[in-house]
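Presented below is the structure to which this report refers.
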Amino acid sequence: MAIRFLPQRLDVAFSRMAFPEHLKALIALQGGPEHVAYWDDFVGSPTGTWPSNANWMYPATVGTGTEVIGITAGLGGTLTCTTGGTSGNGAYQHVGLNWRGTEGIYYACRFKVDSAATVKFELGLTDSITNEGAINAKASPTFTATDAAVFCFDTVDDTNLTFMTVNAGAAGANTDMGTTPTLTSYNIAEIRVQGGFASGYINGQYVGGGALTTTAPLTPYVGCTTRTGSTRTLTVDWQACVGPRFAV
């Protein structure tokens, strides 16, 4: 007997919906039978330790020194990644290796840093939940990741916000923005992965694109490293990642 109100063939119900494609894209961020979705507004006022007592869906924080990562209660909610106060200290947070280029990925987040001086920060998609970032050295570049698609800023190299991909351990994309936006104000980063190619956008502006391994499972992640004797904080207003459940 058919269950009233539920569509039949849930695995393809989304694609059959008589909605405009832009509305489908928004709906997909909430997940469903055809999409694997993650969205976090970082709302709430947790009293426990992040992430084990505050939000069970996140793995342990990663950092050198004493990182302080968690929800900062306030209007709209935010995730703050704060380093220790020694140069080289880091504070990074991952989600889970649940998406890959075979199916396709859309990643987005709204972010800012407390200071654009003497700091490194990264955000995007990488292939490990335990590495302290994906980019070892931005100038060379060298990598801690084998596959990744990330935006990276590092004053050890320059003052450019750069879209980078890592493809089986080698550099794919390595493209600086024409004009780096004000990083102490909120900006929106987007990464689109189709098969073995990833494209990066800041505030809707295309920055660059490059290769990465199609079958590598990837996780959303954010984090920063201080390049001075003071703490640095990367603040994320929201973060999202979505991809089809089945290869298309």
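The values are calculated or read from the model by the stated rules, or taken from the named source; none is laboratory data. On a predicted model such as this, the values are computed, not experimentally measured, just so you know. Positions of Cβ are generated from backbone atoms using ideal geometry, with glycine treated the same way; all protein chains shown enter the neighbour counts. SASA here: full protein model, heavy atoms, side chains in, ligands and nucleic acids out. Shrake-Rupley method; radii C 1.70, N 1.55, O 1.52, S 1.80 Å.
Give all pairs with beta carbons closer than 7 Å in which a residue from the stretch 55-84 that is in contact (Cβ under 8 Å) with a residue 60 or more places away in the chain and closer than 15 Å to Thr225 by Cβ meets a residue that is crowded, with 20+ Cβ neighbours inside 10 Å and of a type in the set (Phe, Trp, Tyr); count only pairs at least 6 apart in sequence or on separate chains. Qualifying pairs under 7 Å: Val62/Tyr92; Gly63/Tyr92; Cys81/Tyr92. Taking the listed residues Thr180, Thr126, Thr225, Thr219, the one that is farther than 26 Å from Leu29 by Cβ, buried (at least 18 other Cβ atoms within 10 Å of the Cβ) and at pLDDT 95 or above is Thr225, with no other qualifying. Out of curiosity, is Ser185 modelled with pLDDT under 95 and of a type outside the set (A, V, I, L, M)? Judged against the criteria, Ser185 is not a match.
Please pick out the residue among Pro51, Pro7 that is modelled with pLDDT of 60 or more and either within 26 Å of Gly101 (Cβ to Cβ) or surrounded by 12 or more Cβ atoms within 10 Å (Cβ to Cβ) (or both). Explain how you work it out, then say what you get.
Numbers: Pro7 fails: modelled with pLDDT of 60 or more.
Result: Pro51 is the single residue among Pro51, Pro7 that is modelled with pLDDT of 60 or more and either within 26 Å of Gly101 (Cβ to Cβ) or surrounded by 12 or more Cβ atoms within 10 Å (Cβ to Cβ) (or both).
In the stretch 200-209, of all residues being free of Cβ contacts under 8 Å to residues at least 60 places away in the same chain and open to solvent by less than 10 Å² (accessible area, probe 1.4 Å), the one that is farthest from Thr102 (Cα to Cα) corresponds to Ile202.
Of everything in the stretch 144-165 that is closer than 12 Å to Val207 by Cα and in a loop (DSSP other than H, G, I, E, B), the residue that is most open to solvent (accessible area, probe 1.4 Å) is Asn160.
In the condition set (1) at pLDDT below 95; (2) in a strand (DSSP E or B), Ala13 is compliant with all but (2).
Of the residues making up the stretch 184-199, those that are aromatic (Phe, Trp, Tyr) and either surrounded by fewer than 18 Cβ atoms within 10 Å (Cβ to Cβ) or outside any strand (DSSP E or B) (or both) number 1. Filtering Thr159, Thr142 for residues that are more than 23 Å from Arg192 (Cβ to Cβ), among the hydroxyl-bearing types (Ser, Thr, Tyr) and free of Cβ contacts under 8 Å to residues at least 12 places away in the same chain leaves a single hit, Thr142.
Applying a threshold of 6 Å to beta carbon distances and a minimum spacing of six or more residues, or different chains, the list of pairs starting in the stretch 165-186 at a residue that is in contact (Cβ under 8 Å) with a residue 24 or more places away in the chain and ending at one that is charged (D, E, K, R) and not in a strand (DSSP E or B) reads Val166/Asp147.
In this structure, does Ala168 turn out to be surrounded by fewer than 19 Cβ atoms within 10 Å (Cβ to Cβ) and either at pLDDT below 95 or among the aliphatic types (A, V, I, L, M) (or both)?
On the way: surrounded by fewer than 19 Cβ atoms within 10 Å (Cβ to Cβ): yes; either at pLDDT below 95 or among the aliphatic types (A, V, I, L, M) (or both): yes.
Yes; evaluated as a whole, the condition is true for this residue.
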